[in-house]
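The next block holds one structure in the form of structure tokens; read it before the comments.
The values are calculated or read from the model by the stated rules, or taken from the named source; none is laboratory data. Please read all numbers here as calculations on a predicted model, not as lab measurements. Don't worry about glycine lacking a Cβ; one is built from the backbone with ideal geometry, like all the others, and counts go over all protein chains shown. Protein only, heavy atoms only, side chains kept; ligands, DNA and RNA dropped before computing areas. Shrake-Rupley method; radii C 1.70, N 1.55, O 1.52, S 1.80 Å.
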Amino acid sequence: MKFCIVAGTRPNFVKISSLLTAFSQVNGGDLYEVVVVHTGQHYDDRLSGSFFRELRMRNPDFNLNAGSGSHAEQTARVMTAFEPLCVAQRPDWVIVVGDVNSTLAAALVAKKLGIRVAHVEAGLRSGDNLMPEEINRRCTDAIADIFFTTEPSANMNLCREGVSCDRIHFVGNTMIDALCKYLDESLRSPLPIGLVEKQFAIVTLHRPSNVDFSDRVSSIVDSINRVAEDIPILFPIHPRTAARVNPSSLHPAIHVMDPMSYLQFIGAIARARFVLTDSGGIQEETTALGVPCLTMRCNTERPITCDLGTNTLVGTDPHRIVDAVQSVLSGSYRKGRMPEKWDGRAANRIVYLLTHIDA
Ligand code: UD1
């Protein structure tokens, strides 16, 4: 059997690293052919190459060089480059992960060529169709053949949308597989200068709904500046955000830096007092690490991180954000528990299921 694994962005690379490790563990005798396709959606070394090196992944077999652009341009470029590759390679399965433009583009191409599509991290729903990722998730799940889920809410969403139960497999979380594998190593990377364990916070911000509108971004900057009066902040800034936030508008206790490498970042969140973010994956990583996470969104597609884990949705209102930070700093914030099957073995379950599906 031949598998084609597609990845395009920073969080995708983490998820496919676990799948590649799991394939290599069953693939000693090269029983299965695994082709890795990088769509080129993320191309900077700090968002792409550094992840391949630190996660000890082999170089992609193909790079589609899709690059940046509008959603239509980016999605179309992945599709037009992936189609001839799929025709030439003819995999039995195309495996897509997460919810980015590359995920949907690759799924559409494969499905129209009659190639089966496996979606890893299927079924998550924020209920917010203004999020590009929500559209990517819904459309990918409308055409995928097999669905691997990270939490029970995803199974329920898929069932509600009419997917038959035998095609949905609750396997756990491939991003947490990588965390389990690399946490010790990440704790050996030094913290940025001047920061002391549990005496700093981390902020990440990149969601278009938060950074693409000047009113919203300045209200968030105002909140972060207020938080920085109480605790130093590490702010690894995403390129989308860097283009919109003037560094001189930030409090001097905010250490702005380029996007961090995977090991640096995981090592830093594990040692942070709390994280203030609008990311999807970081809500899960903080839950797995037991670090408080305040999410600057009004909804989440990962409700288990709020129900069981350490995540709280705080929206973007400065008062709410500052109140939530005070609750963390006062020591009254809840501890949280590890969700079921977030045990470092999700990718092994996926590879087992994919390789036994026709047996
Ligand atoms: C994408 C995903 C998002 C994911 C995030 C992780 C979609 C719709 N969004 O958002 O779900 O959480 O990746 O980071 O797929 N840029 C660079 N260098 C790069 C890549 C991008 O400078 O290597 C800049 C470009 O100016 C680009 C902007 O960042 O326009 C946004 O990149 P893009 O891939 O469009 O979306 P993200 O915001 O990164």
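Structure summary
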| quantity | calculated |
| --- | --- |
| Selection count where residues are modelled with pLDDT of 95 or more and away from the ligand (no atom under 16 Å from the Cβ), scope the stretch 1-22 | 9 |
| Residue in the stretch 341-349 that is within 30 Å of D92 (Cβ to Cβ), more than 18 Å from the chain's Cα centre (by Cα) and open to solvent by 20 Å² or more (accessible area, probe 1.4 Å) present | yes |
| Failed item, numbered, when L263 is tested on (1) within 20 Å of T9 (Cβ to Cβ); (2) within 15 Å of the ligand (Cβ to nearest atom); (3) open to solvent by 10 Å² or more (accessible area, probe 1.4 Å) | (2) |
| Check on A270, free of Cβ contacts under 8 Å to residues at least 12 places away in the same chain, open to solvent by 10 Å² or more (accessible area, probe 1.4 Å) and not basic (K, R) | no |
| Lone qualifier among F51, F82 - being among the hydrophobic types (A, V, I, L, M, F, W, C), within 12 Å of the ligand (Cβ to nearest atom), part of a helix (DSSP H, G or I) and open to solvent by less than 70 Å² (accessible area, probe 1.4 Å) | F51 |
| Set T277, T241, T295, T286: member being in contact with an Asp or Glu (Cβ under 8 Å, 6 or more places away or on another chain), closer than 22 Å to N210 by Cα, at pLDDT 95 or above and open to solvent by less than 10 Å² (accessible area, probe 1.4 Å) | T295 |
| Pair list, Cβ < 9 Å and 6+ apart or interchain, from the stretch 287-312 residues that are touching a residue at least 60 places away in the same chain (Cβ under 8 Å) to residues that are assigned to a helix (DSSP H, G or I) and among the acidic types (D, E) | E301/E133; E301/E134; R302/E284; I304/E284 |
| Residue satisfying condition, being surrounded by fewer than 16 Cβ atoms within 10 Å (Cβ to Cβ) and either in a helix (DSSP H, G or I) or within 15 Å of the ligand (Cβ to nearest atom) (or both), within set N59, N65 | N65 |
| Enumerated strands (runs of 3 or more DSSP E) restricted to the stretch 90-196, each holding at least 1 residues that are away from the ligand (no atom under 16 Å from the Cβ) and open to solvent by less than 10 Å² (accessible area, probe 1.4 Å) | 93-97, 116-120, 146-149 |
| Scope the stretch 322-336; condition aromatic (F, W, Y) and within 24 Å of the chain's Cα centre (by Cα); matching residues | none |
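Conditions (1) in contact (Cβ under 8 Å) with a residue 40 or more places away in the chain; (2) more than 18 Å from V120 (Cα to Cα); (3) not assigned by TED's automatic domain parsing to the domain that holds T140, marked per residue:
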| position | (1), (2), (3) |
| --- | --- |
| C159 | no, no, no |
| L179 | yes, no, yes |
| Y182 | yes, yes, yes |
| L195 | yes, yes, yes |
| A201 | yes, yes, yes |
| T204 | yes, yes, yes |
